[in-house]
1. If you go through segment 171-181 one residue at a time, do you hit one that is touching a Leu at 6+ places or on another chain (Cβ under 7 Å), modelled with pLDDT under 95 and among the hydrophobic types (A, V, I, L, M, F, W, C)?
2. Scan ALA53, ALA85 and give me the residue that is surrounded by fewer than 17 Cβ atoms within 10 Å (Cβ to Cβ), in contact (Cβ under 8 Å) with a residue 40 or more places away in the chain and either over 21 Å from VAL168 (Cβ atoms) or more than 14 Å from the chain's Cα centre (by Cα) (or both).
3. Which of the residues that make up segment 124-146 are in a loop (DSSP other than H, G, I, E, B), of a type in the set (A, V, I, L, M, F, W, C) and under 16 Å from the mean Cα position of the chain (by Cα)?
4. Can you work out which of the residues in segment 9-35 that are of a type in the set (Ser, Thr, Tyr) and over 21 Å from PRO79 (Cβ atoms) is nearest to the chain's Cα centre (by Cα)?
Amino acid sequence: MLTHDDLLTRARALLRDDRRAVLGIAGAPGAGKTTLAERLVRDLNGTRAPWVAHVPMDGFHLADAELDRLGRRDRKGAPDTFDAAGYAALLRRLREDRDGGHGDDTVYAPGFERVLEQALAGAVPVPPSVRLVVTEGNYLLLDTGAWARVRPELDEVWFCETDETERVRRLVARHEEFGKSHAAALAWANGPDQRNAALVATTRDRADLVVPEAVRRVGNGLGTTGAR
């Protein structure tokens, strides 16, 4: 049976020669991708100087003003509401570091502020000492358009598998936490989020590893809430 320790061992094994490795965590909205990524980074770093960093895909959300211009704001979170080409370019830049952490250039990645629902430029520093980047997002395994450029930049992609009822419940709770009414949260979780989840589900078979929820929950200190 797969365990969290097995995941840590597998992540460490991605490091080869002096090249920085990039591990992708994919899954539907609310599947627990961020929770898994953050736990991997925390446990792999341990008490050492940080050598693992978390770079989320969500930093490549298009700004609301641009979504308004394109007429896509009512489905924010769909594949064409991200700068997929920019995300792929960042992953390539991260992988190009081959000096074993001895250079001087820090790569700055964008982050995402959930309260504002906006990307923040230069919010995630990745110093040369980082040898493993953990990135997570819905569309890492999508093979259409500019998203097809993402998978070649990832050493492995793991897919978070989650019970659908629990996943939707989490999404509703998250939308409410960040300002939506219960009715609006339900509508978004069962509308745009569900359409995106159905698309993500079609990419599951392209993953190198499927990580069941039971593996992610053991020792995580989480109940049925909190996973992202």
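The values are calculated or read from the model by the stated rules, or taken from the named source; none is laboratory data. Not measured: the values here are computed from a predicted model. Note: ideal-geometry Cβ built from the backbone for every residue, glycine included; neighbour counts use all protein chains shown.
1. yes
2. Step by step, each of ALA53, ALA85 is checked, and only ALA85 is surrounded by fewer than 17 Cβ atoms within 10 Å (Cβ to Cβ), in contact (Cβ under 8 Å) with a residue 40 or more places away in the chain and either over 21 Å from VAL168 (Cβ atoms) or more than 14 Å from the chain's Cα centre (by Cα) (or both).
3. Residues satisfying the conditions are LEU140, LEU141, LEU142.
4. Looking at residues that are of a type in the set (Ser, Thr, Tyr) and over 21 Å from PRO79 (Cβ atoms), I get THR35.
Okay, residues lined up against (1) free of Cβ contacts under 8 Å to residues at least 40 places away in the same chain; (2) aliphatic (A, V, I, L, M); (3) crowded, with 19+ Cβ neighbours inside 10 Å:
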| residue | (1), (2), (3) |
| --- | --- |
| TYR108 | yes, no, no |
| ARG114 | no, no, no |
| GLU117 | no, no, no |
| GLY122 | yes, no, no |
| SER129 | no, no, no |
| VAL133 | no, yes, yes |
| GLY137 | no, no, yes |
| GLY145 | no, no, no |
| TRP158 | no, no, yes |
